[in-house]
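The values are calculated or read from the model by the stated rules, or taken from the named source; none is laboratory data. Source: prediction; values computed, not measured. Ideal geometry is used to build each Cβ from the backbone, glycine not excepted, and the neighbour counts take in all protein chains shown.
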Amino acid sequence: METENAQLREELAALRSKAERMASFNQSLKALQGGYARLANMLGGERGFIEEVSSTTQQSSQQVLHGLQAHNELLGYARQAEDHIDGLKSQTEQIGNIVSLISGIAQQTNLLALNAAIEAARAYEQGRGFAVVADEVRKLAERTSQATADIEHLVEGIGVKTDVASRAAHQLGTLVGESATQGREAADSLQRMLNQLIRLEQVLETASLIGFAELAKIDHNTFKFELYRVFLGLAEKRSQDVNDHQHCRLGKWFYEGDGKQYFSHLVSYRDLEPPHAAFHQAAREALLQKEQHNQAAAEQALDVVESTSLGVIDAFDHLSQSALAQVAKASGKA
């Protein structure tokens with residue numbers, strides 16, 4: 001009898017030791033689970049920061065491009081002004097030539113009037129009327145000479161100012177052209193920075209996915225461990241306590257979180273849903289059959305829990321590989 005009691009005590013001690021080890025392992029899993037959760041949250045926060053920086057850089061690039069467009073328009077106006085000033089300069093030179101011609105004609109007219117006055121003086125009384133006309137012609141020639149001198153002076157002033165305006169317009173066009181070149185270089189630099197930020201954002205998205213995938217694997221193993229503890233009589237859990245596949249951490253990520261936002265375009269993303277839904281259904285079924293004392297059916301449901309859990313892990317691995325391939329492809333194009 002003592003031997004049997006001693007053996008029973010040893011078996012109880014062994015069971016107690018196994019239970020303690022299982023509890024310790026469960027705590028380790030939960031600690032690892034918390035670590036991966038913090039990693040996923042941190043990566044998500046960094047991704048948000050990169051998105052904000054990317055958005056700001058894109059806005060800056062757009063502003064530079066708008067400024068560059070304004071510079072190009074200003075450069076066009078400066079060149080038009082330079083062309084108009086060159087045309088005005090040419091017309092001023094033509095006016096100067098015409099004034100010179102008129103001045104020459106006035107001088108010839110004055111000379112002819114003087115000769116006519118001399119001839120009229122020789123003719124005495126007969127040439128008096130002619131002398132009056134010659135004098136009027138001389139006075140007209142003098143006024144014409146004075147007017148042409150004034151015009152010539154004005155034309156010279158216009159010519160000087162036109163030269164100054166032409167040089168200023170040329171300098172303005174040069175400065176605007178240099179500024180436009182610098183603007184294009186700045187826009188190109190911003191665009192390269194934006195491309196790098198986009199690639200970094202994709203890398204962070206993929207890193208976040210991989211971190212969340214590991215977290216989901218730990219979630220599944222922790223859940224299975226709790227399920228086995230229930231079947232060993234070490235924990236309590238009812239079938240109605242099992243969430244459906246849309247309200248667990250993975251479900252929220254899949255249906256309304258980062259998974260849907262960043263990875264729903266990938267084919268492997270959709271492959272994740274069937275095994276995940278089947279996993280929750282099988283877990284609920286296993287507990288329900290246990291509650292109804294159908295041990296064989298409960299064990300069959302546990303087998304489905306194992307197989308669908310592996311299916312979730314495989315789907316996550318494929319999704320991570322697809323995301324990595326997408327980043328590699330984007331980097332190759334850059």
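Could you please let me know if Ala213 is of a type in the set (A, V, I, L, M), closer than 27 Å to Gln326 by Cα and out of contact with any strand residue (DSSP E or B) (no Cβ under 9 Å at 6 or more places or on another chain)? Against the criterion (of a type in the set (A, V, I, L, M), closer than 27 Å to Gln326 by Cα and out of contact with any strand residue (DSSP E or B) (no Cβ under 9 Å at 6 or more places or on another chain)), Ala213 qualifies. Closer than 27 Å to Glu205 by Cα, surrounded by fewer than 20 Cβ atoms within 10 Å (Cβ to Cβ) and in contact with a Lys or Arg (Cβ under 7 Å, 6 or more places away or on another chain) - does that describe any residue in the range 242-259? The answer is no; no qualifying residue exists.
The test for being within 20 Å of Ser320 (Cα to Cα), among the small types (Gly, Ala, Ser) and in contact (Cβ under 8 Å) with a residue 12 or more places away in the chain does not hold for Ala283.
Here Asp271 clears all of (1) surrounded by 14 or more Cβ atoms within 10 Å (Cβ to Cβ); (2) of a type outside the set (Phe, Trp, Tyr); (3) modelled with pLDDT under 90 except the condition numbered (3). For beta carbons closer than 9 Å, sequence separation of 6+ or different chains, a first residue in the range 260-279 that is in contact (Cβ under 8 Å) with a residue 12 or more places away in the chain and a second that is buried (at least 16 other Cβ atoms within 10 Å of the Cβ) and not in a helix (DSSP H, G or I), the qualifying pairs are Glu273/His245; His276/His245; His276/Cys248; Ala277/His245; Ala278/His245; Phe279/His245. Taken over the range 232-241, the criterion of being surrounded by 15 or more Cβ atoms within 10 Å (Cβ to Cβ) and closer than 16 Å to Ala282 by Cα is satisfied by Lys237, Ser239. In the condition set (1) within 41 Å of the chain's Cα centre (by Cα); (2) buried (at least 17 other Cβ atoms within 10 Å of the Cβ); (3) of a type outside the set (S, T, N, Q), Arg229 is compliant with all but (1). Scanning the range 234-260 for residues that are farther than 19 Å from Glu214 by Cα and not in a loop (DSSP other than H, G, I, E, B) gives Ser239, Gln240, Asp241.
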